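Below: one structure, written as structure tokens.
The values are calculated or read from the model by the stated rules, or taken from the named source; none is laboratory data. Since the model is a prediction, treat every value here as computed from it, not as a measurement. Glycine also receives a Cβ, built like all others from the backbone with ideal geometry; neighbour counts cover every protein chain displayed.
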Amino acid sequence: MPDFRLPTRAGAAIEDAMLFDLPSPEILYDALLARDERYDGRVFVCVTTTGIFCRLSCPARKPKFENCRFHDSAAACIERGFRPCLRCRPLTSMIGEDPVLARLLTALEAEPERRWTEADVAALGLDPSTVRRSFRRNFGITFLEMARHARIRAGMQALKTEGRVIDAQVSAGFDSPSAFREAVARLLGCAPAALRGEARLRIDWIGTPLGPMVAVTDEHALHLLEFVERKALASELKALVAASPGGLQVGRFTMTDRVEAELERFFAGRDARFTVPISQPGSAFAQAVWAALREIPAGETRSYGAIADALGRPSAVRAVARANGANRIAVVVPCHRVIGADGSLTGYGGGLWRKQRLIELERGYLEIAATRRAALEPSVTPP
């Protein structure tokens, strides 16, 4: 079976982890109960009830099996919104004798609320580019990304559990309410106060190997799923809220859990199908384009012209491109499977590097399908 784990820009430490086939959750949970040190640096457990991640050898009280999620890198845990355990220190266990990494991790632990910049790193007498490479090599993300994930998500979590903007601001480590409002507004296109109370729509984070995504759901369907770096995210959310009386709040319905589980299976190479109901208003033509995208098998691609031909509108290539770009449910409605007529990658809201990685990942599904077909074909014995 092909290895579905995605290529990474990180170096040896992360590559070793990515080449390591994770045992079943049951086996890993037994290792967690036994505090098995053989998995240190290669497997981490995320505890959903506490929001922390640990080494399997952590001496802390063990969580219930149903509250555990196992991942093969610290970056995967951080991108899913978990913070490192202060008891077993899973990050420091990975750095070996590197004094630069140790120094910065210690500084981050001492001031998790600090708004770190490259100037701060330089003020410590460290070269920002060297630090950036070292963190990517060891953890799969940069130091500034690690700090940013922690701060913003702490604020979102506080909004979810405590409700008051001031509490969320303090939890996220912002110096003033205005700074916190600006950070959330830049990311989500609305003020933190607009994300509280009882609302029909709920917004939450979903971590993936390609970076965190924002999901908006109601009790019945998925309305938006985008990578957080998408430039159009703020305007998409603004339009979504304007068209959906009842407002938006931080939190999740079971639909968020459902799409998160399906994304996890997709990125793990277990299943490319998405069954979560979606709600994405648009013109009849846009709806036809989005339906056509979902009919493209995983591992295959289509050009804009091919989709226009399939819809009986061969001259509507540009309209197909506009509808493709207007899709606000990434991956589930696979606009990444559309390429140029010459086979080149074209624009993608989540970034062309993500588009390339998604296409590469899905080629593995083709290999599995071919293997299954070959296994079902009757063998022919020559006379």
- prompt: Residues 283, 303: which one is over 15 Å from residue 329 (Cβ atoms) and buried (at least 17 other Cβ atoms within 10 Å of the Cβ)?
  reply: 303
All positions within segment 37-57 that are buried (at least 22 other Cβ atoms within 10 Å of the Cβ), among the hydrophobic types (A, V, I, L, M, F, W, C) and in contact with a Cys (Cβ under 7 Å, 6 or more places away or on another chain): 44, 45, 46, 53, 54
- prompt: Is segment 114-123 home to any residue that is among the β-branched types (Val, Ile, Thr), modelled with pLDDT of 80 or more and farther than 17 Å from residue 78 by Cβ?
  reply: yes
task: Would you check if residue 250 is outside the structural domain of residue 338 (by TED's automatic domain parsing) and more than 14 Å from the chain's Cα centre (by Cα)?
output: yes
statement: Within segment 4-24, restricting to residues that are aliphatic (A, V, I, L, M) and surrounded by fewer than 20 Cβ atoms within 10 Å (Cβ to Cβ), the one that is modelled with the highest pLDDT is 22
- prompt: Within segment 237-259, which residues are surrounded by 22 or more Cβ atoms within 10 Å (Cβ to Cβ) and charged (D, E, K, R)?
  reply: none
- line: The condition of being at pLDDT 90 or above and either touching a Leu at 6+ places or on another chain (Cβ under 7 Å) or closer than 27 Å to residue 22 by Cβ (or both) holds, among 284, 234, 292, only for 292
- line: Counting only strands (runs of 3 or more DSSP E) entirely within segment 20-123, those with at least 3 residues that are in the same structural domain as residue 143 (by TED's automatic domain parsing), within 26 Å of the chain's Cα centre (by Cα) and among the small types (Gly, Ala, Ser) are none
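Per-residue answers, yes or no, for (1) at pLDDT 90 or above; (2) closer than 22 Å to residue 210 by Cβ:
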| residue | (1), (2) |
| --- | --- |
| 26 | yes, no |
| 34 | yes, no |
| 43 | yes, yes |
| 48 | no, yes |
| 52 | no, no |
| 57 | yes, no |
| 65 | yes, no |
| 72 | no, yes |
- prompt: Before we move on, is residue 371 surrounded by 14 or more Cβ atoms within 10 Å (Cβ to Cβ) and either farther than 30 Å from residue 241 by Cα or not hydroxyl-bearing (Ser, Thr, Tyr) (or both)?
  reply: no
message: Residue under question is residue 320, and the condition is that it be in contact with a strand residue (DSSP E or B) (Cβ under 7 Å, 6 or more places away or on another chain), surrounded by 19 or more Cβ atoms within 10 Å (Cβ to Cβ) and among the hydrophobic types (A, V, I, L, M, F, W, C); does it hold?
response: no
task: Determine which member of the set 237, 263 is in contact with a Cys (Cβ under 9 Å, 6 or more places away or on another chain), outside the structural domain of residue 337 (by TED's automatic domain parsing), assigned to a helix (DSSP H, G or I) and within 24 Å of residue 78 (Cβ to Cβ).
output: 237
